[in-house]
Amino acid sequence: QVQLVESGGGLVQAGESLTLSCAASGIFFSPSYMGWFRQVPGKQRDLVAYLPDGGRANYADFVKGRFTISRDNANGTLYLQMMSLKPEDTGVYYCNVGLGWVEPNRGGRYWGQGTQVTVSS
């Protein structure tokens, strides 16, 4: 059974940094797709960044130059380094994993429970 557990969220001030982690278990090979999504109340879940296995990182325009996605396949962990945080970055961040072909903006089959990031002005 695939499980994704996020950690690293919290409350920070604008301009500060946070690093999110997602530990994946129950997967016995490197996922083809690993990504981060963000959701705020009343809005849809939006793609923040994704990283195909052996591929290039892709970012939403609203985080380019500030966020960095990376993955450690040996340990089954996905990271999101967030710098220069803004109040509009506030939301619940979800880890997502897909096996096989994945439509990037929709994500794969597996989701974490989410971790709250709150950025105060």
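Counting only Cα, what are the radius of gyration and maximum Cα-Cα distance Dmax of region 59-121, in Å?
Cα-based Rg and Dmax for region 59-121 come out at 12.9, 41 Å.
Of the heavy-atom accessible surface of the chain (probe 1.4 angstrom), what whole percent is carbon and sulfur?
Answer for the chain: carbon and sulfur cover 49 percent of the accessible area.
Scale the Cα Rg of the chain by the rule-of-thumb value 2.2 N^0.38 Å and send over the ratio, two decimals.
My calculation over the Cα atoms of the chain gives 0.98.
Around Gly91, under 10 Å between beta carbons, what's the net of Lys plus Arg minus Asp minus Glu among the other residues?
Once all neighbours under 10 Å are counted, the net charge is 0.
Before I look further, what does the chain give for accessible area per residue, probe 1.4 Å, in whole square angstrom?
That works out to 54 Å² per residue.
When the convex hull of the Cα atoms of region 8-73 is projected onto a plane and the area is averaged over all directions, what value comes out in nm²?
5.7 nm²
The values are calculated or read from the model by the stated rules, or taken from the named source; none is laboratory data. Since the structure is predicted, the reported quantities are computational estimates derived from the model, not experimental observations. In this analysis, Cβ positions are derived from the backbone assuming ideal geometry, glycine residues included, and neighbour counts consider all displayed protein chains. When the accessible area is computed, the model is the full protein with side chains, heavy atoms only, and any ligands, DNA or RNA have been set aside. Shrake-Rupley method; radii C 1.70, N 1.55, O 1.52, S 1.80 Å.
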